[in-house]
Amino acid sequence: MTRPGKVIDFDGTQVPFEAGDTVLTAVFRAGLRPWGGCLCADGDCPYCLVTLGGVSYVRACRTSAVEGMKVASHPSGGYPPLPSSTRAPTGESAVGFEMVHCDTVVIGQGRSGREAAAEAEERGRRVVTLDARAGTEAVGVYPGPEVVARTPEGMARIFSEEVVVATGSVEVQPVCPGNQLAGILTRRAAEGLAASGVDLGRVVSVGRPPEGVGHEPAQGRLVGFEGEGVVRRVVTRDEETGAERAYPCDTAVVGLGSGPRDTLARMAHGLPGARAVGSAAGHLDRPPVPEAGVVCPCSEVTVDDLRSVWDRGFHELELIKRSTLAGTGACQGAVCMPHVRSFVAAGGQELPPSFTARPVVTQITMGEAAAGWYHHPDRRTALHDEHLALGARMERSGGWLRPWTYGDADREYWAVRSGVSICDVSTLGKILVSGPDADAFLERIYPTCISPLRPGRAKYVLVLDERGYVFDDGLVCREGANRFLLTSTSAGAGHFEMWLSDWAEAWKVDVRILDRTASWGAINVTGPRSGELLSRLGAADWLPPFMGHTEMEVAGVACRVMRLSFTGEISYELHHQASESRHLWHALMESGADLGVWPHGLEVLEELRLEKGHILVGVDSLPDSTPRRLGHGWAVRMDKADFLGKPAVARTSRMELDRLLVGLEMDGGPPPQGAILRVKGDYAGFVTSTTWSRVLGRSVMLAWLYARDGAFAGDILIDGRPARKVAVPFYDPEGSRVRA
Amino acid sequence: MNEFIEAQVAFGWEDLRSSYDVVIVGGGGHGLSTAYHLATRHGMTNVAVLERGYIGSGNSGRNTTIIRANYGIPEAVRFYQRSVDLYSRLEEETGRWIMHDRKGLLWLVHGTPGTRHERARSIVNQAFGADTVYVTPEEVGRICPEVDLNAGGGEYRVTGGTYSPHAATARHDRVVWALAEGAMKLGVHVHQRTAVTGLLKPGDRVTGVLTDRGPVSAGVVVSAVGGHVSTLAAMAGVRLPIRTHPLQAFVTNHYAGSFRPIVASAEMGFYVSQTPRGEMLLGAGIDSQPSYSYRSSYEFLSHCSLPAVTLLPFLRNLTILRQWAGVCDMSVDLSPIMGYTGVDGFLVTTGWGTWGFKGIPAGGEQMAELIATDRTPELIAPFSLNRFKEDRLMFDPGSTGTTH
Amino acid sequence: MSVPERFERLEATRIVADPGALDGIESPDDGRLMRLAPDDLLVLPALARVDVADRYAIIEPEAGFSAAWFGRSQLARLQAVSAWEFPRHRPAVAQGHLAGIPVKMLFDEGGVRVLVPAVLAHHLEERLGLGDRRE
Amino acid sequence: MALRLHCPHCGVRPVDEWVYGEVPDPPDHLTGADERDVDRGFMMSNTEGAKQERWFHAGGCGRWQAIERDTTI
């Protein structure tokens, strides 16, 4: 019986098939009737669902039989189990994906679809056609317009100017007692199976009879089907006499008429460029009000269930759907919706519009949906491989992958505090501004005075929004009378350029703005011996003073050298073309070997900057942090004529200060970030940054402290331990080390 | 029949009167909860809820049904914990099955900064009454063995997270119906297909509403509108710090077996739970553009599916059944806005963003107390509209599961 | 070869200046001009010197991009990961996302040069399946 | 998400290449300086329908574009 090359396994039964067979056709050809309900064999009804290749809810009528295919029918009276595997399937080939551009997409290749495609081609348009029967199934019509399809090659997103929905019609399903028995077919399903040479046995038809199928037509109106599991009799009633009659059969064929297959048409309705043609654009004749039987097979809802919720006040179509769950299963209302609408209309209302048509109309797997999509791309600096070679653990930070630690925090820390260290700070935002209005523009952008800044000098600036809240900080470096370099935090860099050019346009100032963040690398050389290391690499005798900057060659690389400090030690930031980063990094590491040069990562940098009390915007600040709340009122000059956020700063400054970012220290280990401050048992704020300070031998923190009775006083407890409010910086408060 | 067919609730619809003590615009969760609490807690029943569609037709019928209190600021933790508590008693109180199910919520992170952040969340949660604990990757594996801790070997390996055993789900429609029925039984009117087209404001005070079924006067008008609140408030001359964005979701087909917890990753941008009926229900952040459109996008399916199948590989072969969208009123500080508006006779409960379902019981309870006593209860005083003028914002980084 | 192994860091010149001044710049020998915005010009390869009729022009070496050349036979493959349609005329400059990564593209008769921010180049290599990406 | 916007320099591009920018629009009847400042900083008309917007084409030319859009479609 089993012929190699021509069978599928269906629930353990070897089922032979012929070329061109779907699984459904093969199963019927083998005389099996595993599915109850009136099969449409055309992708609309929910009855021929199978599990195939680990995927459930696959329609047998839409699946070509392939040698060796293992098919399991859907569990009856339940749902397929969740896959138990906790791992991705191995050896699974990736899902194909492509984006397609054309002028016209025609969905459906029946008569109206073929005509629409031909007409569009005559107009010289590039046409893509989809035809579910040929294996290219539309998944949905989306704004754009965009049509998504599943094809034998994978998923396709198709962008076009126009979309023509030509999906034809769908046959009305019978709602009556016995409508869930096996062996019931729609008229078109019977015609298709018969044309494939399937023997349907003794066929009784009701309504419009099938063509090309030997059958006995049942007279009168359909009352129901009878049988045990499989249909054995079709029962009808004579409309005039009321007499019922049963017709014995092997197969019942139902021709109750059809309506538009319009889910996609309704989905596309209102989208510019989309239209429906042919039967898909037609209207449904209202089917008879259902009297008994299963209305919604997916959710097992009967006509009695509809009456039950109606009687308790659920009179809206959507409320009936939601209270019974009719229309929320695998066929998304294809079977039940016409009948539920008739039911509602019978309650004395107008025929309600159909449920909202929602994607997807062809069920795709989440694996298929994920095809062609990517995780958020983290940026890498030019030194990424250098960090990995030194054993760095990389972490995502502000949209970048950055070295967290090179494995020995002590070594990283003390290299900075007592020798020399380097740090990849290429991620800092770096923006050039030039133009006749550059000076005036920045004067208006920043809350501090820019005009007095001389070329070669730099200034720390807060960046305020219009609400007077700090959203970034950085430096302003004047390069010339009308040219500046601005820096911002790594996390803020992407936003910073947008924000600057937005205000430049709003104020109509004459400036040119160029973001250099990705083009320039930056390495911070820091520690008491940083100057010594730089001089070995040919840095000019004259290194800039604290908060100064200059251009010079280091290791043969043209650098903007900026002297500042985030770590609390003398620091020189070397900004350079990113193409030179690796050369510069290696030169620093090699020349400084005997000085003990060693890079530090973000973990140690966090400790270093915290010892200096430097805030990290976005970590220590909240989205509504005014300069005053941050204790940075000194960075705002209210005597300036105007700056961005000035009205808001003035307005909020008249209010009582409610919270303040303060420095805290305590003995013993550091409490975690987020630890809660209590004063006299009451909530008084929380810790934003926290570390054990190696150099100070105690824990230091920045924390939000809330005012009590207008003051920031009282004994603070954190996790039951006393914490002392102290002035920042914690380390080297006079700043003698950075100016040395 | 299926076991989930609603078999308890019965509505009693009444004719529209020309005058009520309180008119609530919007028959969603918050409007009905306010009416329910006015009737049950304060004996105020001369109240009408006006709904332009059917009850629960807005975001109350479109959300992903998650109840949690693991917020990021004390004021929000306290408020949502109150809601968690009220939700857990709602079935007993109303006698109606809302399918309340304490599933627990795993909130995963993928790196040291995220780990610190979640630890901080657990601290503020515990301090203000919400049960949230920090968990290691090993504990994640015990709570939800389906999670691939290595995230497919990519850069999103799980480094920890928080677990909130208090988090639950409930069937959104049933919450709406239980509250509507409970209010109606005590005499509150709920009017469907009744659109508010204007406000009666003869002077400085709002005295009622114009509807497509005629004018209705009211002692107090409360906007519990979702999605069109800026338009309604503008009729009263009130400006709101709200931008409306679409929020999308999807469900898979039905599967037997229980995927127990709710799993979320803010960094990867998705969350998932299994409904009582067996669908896997997935969501992500809001769409970036302001919009009132209810249309779905395919990008959403893709960008939500990819992290989901990466962290929970068993999802890969599940088939997607249906996607949909709602519109969310995102306040600028990601917290709700409740109470007075500066215009007499006109109150709002709005700014419910992506967190509205969670706040339904407490939001209604507190608004009802405010209306009945004409005093702002302490629990919602931080969430007044005045806070923007008074520089007392309630920025809550923990309010959205998946929006940064 | 029409399929590159990987993206290589590109040396170019970037000029942000008054749009009128940029209109007056002519393509150097063997060079190409990519007008990224009315006031933003990228010149390939790097220029030794350039005259721009704008004394405030920002003229900078540009090391922020990596580039790779794809022959004409590869265009369909690139188009299949682009949600916007490539220009049909040649030569042409286009910019937008390719496989979710922002790129600049310089098309000519033989194919297309794709420029990607160097900080994202490894992602684009992976997404386009270039070279041997095994670590 | 499936929104596509027209960039006069680059052409039609999907919304994920763009960043939305709010245009403050305090109404004329707000006259007090503080009142206008609070409105500019926090309040929005949140228009239902056609609306003038600014979008930054981050994935292309890197410039702001003024775009009119109907928020109900």
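The values are calculated or read from the model by the stated rules, or taken from the named source; none is laboratory data. Everything numeric in this text was worked out from a predicted model, so none of it was measured. Here Cβ is always computed from backbone atoms with ideal geometry, including for glycine, and neighbour counts include all displayed protein chains. These accessible areas exclude ligands, DNA and RNA; they are computed on the full protein's heavy atoms, side chains included. Shrake-Rupley method; radii C 1.70, N 1.55, O 1.52, S 1.80 Å.
Computed values, structure above
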| quantity | calculated |
| --- | --- |
| In segment B:245-294, residue most open to solvent (accessible area, probe 1.4 Å) [restricted to those that are among the charged types (D, E, K, R) and under 18 Å from residue B:103 (Cα atoms)] | B:260 |
| Of all residues in segment A:689-708 being small (Gly, Ala, Ser) and more than 23 Å from residue B:124 (Cβ to Cβ), the one that is surrounded by the fewest Cβ atoms within 10 Å (Cβ to Cβ) | A:697 |
| Which listed residue, of A:307, A:286, is closer than 18 Å to residue A:355 by Cβ, among the charged types (D, E, K, R) and open to solvent by 30 Å² or more (accessible area, probe 1.4 Å) | A:286 |
| Of residues in segment D:37-73 being surrounded by fewer than 16 Cβ atoms within 10 Å (Cβ to Cβ) and closer than 25 Å to residue A:508 by Cβ, the one nearest to the other protein chains (Cβ to nearest Cβ) | D:66 |
| Conditions (1) assigned to a strand (DSSP E or B); (2) buried (at least 22 other Cβ atoms within 10 Å of the Cβ); (3) within 13 Å of chain C (Cβ to nearest Cβ): number failed by residue A:422 | (3) |
| Cβ-Cβ under 6 Å pairs, at least 6 apart or on other chains, segment A:320-348 side within 14 Å of another protein chain (Cβ to nearest Cβ) and hydrophobic (A, V, I, L, M, F, W, C), far side part of a helix (DSSP H, G or I) and open to solvent by 10 Å² or more (accessible area, probe 1.4 Å) | A:344/A:317 |
| Any chance residue B:133 is under 16 Å from residue A:673 (Cα atoms) and open to solvent by less than 20 Å² (accessible area, probe 1.4 Å) | no |
| Considering residues of segment B:69-93 that are more than 14 Å from chain A (Cβ to nearest Cβ), open to solvent by less than 20 Å² (accessible area, probe 1.4 Å) and part of a helix (DSSP H, G or I) only, the residue farthest from residue A:677 (Cα to Cα) | B:90 |
| Verdict on residue C:68 being under 27 Å from residue A:514 (Cα atoms), away from chain A (no Cβ under 14 Å) and either under 16 Å from the mean Cα position of the chain (by Cα) or in a helix (DSSP H, G or I) (or both) | yes |
| Odd one out for residue A:565 among (1) under 28 Å from residue A:670 (Cα atoms); (2) among the polar types (S, T, N, Q); (3) open to solvent by 40 Å² or more (accessible area, probe 1.4 Å) | (3) |
| Residue C:60 within 30 Å of residue A:560 (Cα to Cα) and either of a type in the set (D, E, K, R) or part of a helix (DSSP H, G or I) (or both) | yes |
| Single residue of A:121, A:146, A:161 found to be among the charged types (D, E, K, R) and open to solvent by less than 20 Å² (accessible area, probe 1.4 Å) | A:146 |
| Residues being out of contact with any Gly (no Cβ under 6 Å at 6 or more places or on another chain) and either touching a residue at least 60 places away in the same chain (Cβ under 8 Å) or assigned to a strand (DSSP E or B) (or both) - total across segment A:493-516 | 11 |
| Complete set of residues in segment A:613-666 that are more than 10 Å from every other protein chain (Cβ to nearest Cβ), hydrophobic (A, V, I, L, M, F, W, C), assigned to a loop (DSSP other than H, G, I, E, B) and within 28 Å of residue B:114 (Cβ to Cβ) | A:615, A:616, A:617, A:630 |
| Only one of A:467, A:454 that is open to solvent by 50 Å² or more (accessible area, probe 1.4 Å) and either within 14 Å of chain D (Cβ to nearest Cβ) or of a type in the set (Phe, Trp, Tyr) (or both) | A:467 |
| Of residues in segment A:362-383 being at pLDDT 95 or above and more than 8 Å from every other protein chain (Cβ to nearest Cβ), the one farthest from residue B:62 (Cα to Cα) | A:383 |
| Hits in segment A:497-523 - residues which are more than 12 Å from every other protein chain (Cβ to nearest Cβ) and open to solvent by less than 10 Å² (accessible area, probe 1.4 Å) | A:522, A:523 |
| Criterion (in a helix (DSSP H, G or I) and either of a type in the set (Asp, Glu) or within 27 Å of residue B:41 (Cα to Cα) (or both)) met by exactly one of B:183, B:130, B:120 | B:183 |
| Single residue of A:486, A:442 found to be hydrophobic (A, V, I, L, M, F, W, C), open to solvent by less than 50 Å² (accessible area, probe 1.4 Å) and in a strand (DSSP E or B) | A:486 |
| Qualifying residue in segment B:296-305 (condition: surrounded by 24 or more Cβ atoms within 10 Å (Cβ to Cβ), in contact with a His (Cβ under 6 Å, 6 or more places away or on another chain) and within 14 Å of chain D (Cβ to nearest Cβ)) | no |
| Subset tally (residues that are of a type in the set (Gly, Ala, Ser), open to solvent by less than 30 Å² (accessible area, probe 1.4 Å) and within 12 Å of chain A (Cβ to nearest Cβ)) for segment C:73-95 | 3 |
| Criterion: more than 14 Å from chain C (Cβ to nearest Cβ), at pLDDT 95 or above and open to solvent by 70 Å² or more (accessible area, probe 1.4 Å) - qualifying residue of A:114, A:87, A:59 | A:114 |
| Sole residue being in contact with a helix residue (DSSP H, G or I) (Cβ under 7 Å, 6 or more places away or on another chain) and free of Cβ contacts under 8 Å to residues at least 24 places away in the same chain, chosen from B:67, B:5, B:24 | B:5 |
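A quick yes/no check of all residues on (1) open to solvent by less than 30 Å² (accessible area, probe 1.4 Å); (2) on the phi > 0 side of the Ramachandran plot; (3) under 20 Å from the mean Cα position of the chain (by Cα); (4) at pLDDT below 95:
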site: B:97; (1), (2), (3), (4): no, no, yes, no
site: B:104; (1), (2), (3), (4): yes, yes, yes, no
site: B:108; (1), (2), (3), (4): yes, no, no, no
site: B:123; (1), (2), (3), (4): no, no, no, no
site: B:128; (1), (2), (3), (4): no, no, no, no
site: B:141; (1), (2), (3), (4): yes, no, no, no
site: B:162; (1), (2), (3), (4): yes, no, no, no
site: B:167; (1), (2), (3), (4): yes, no, yes, no
site: B:175; (1), (2), (3), (4): yes, no, yes, no
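So that you can scan it fast, the table gives a plain yes or no per residue for (1) over 27 Å from residue A:137 (Cα atoms); (2) surrounded by fewer than 22 Cβ atoms within 10 Å (Cβ to Cβ):
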residue	(1), (2)
A:316	yes, yes
A:329	no, no
A:357	no, yes
A:360	no, no
A:364	no, no
A:368	no, no
A:372	no, no
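Let's see how each residue does on (1) under 38 Å from the mean Cα position of the chain (by Cα); (2) of a type in the set (D, E, K, R):
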| site | (1), (2) |
| --- | --- |
| A:648 | yes, no |
| A:653 | no, no |
| A:658 | yes, yes |
| A:669 | no, no |
| A:674 | yes, no |
| A:679 | no, no |
| A:684 | yes, no |
| A:689 | yes, no |
| A:696 | no, no |
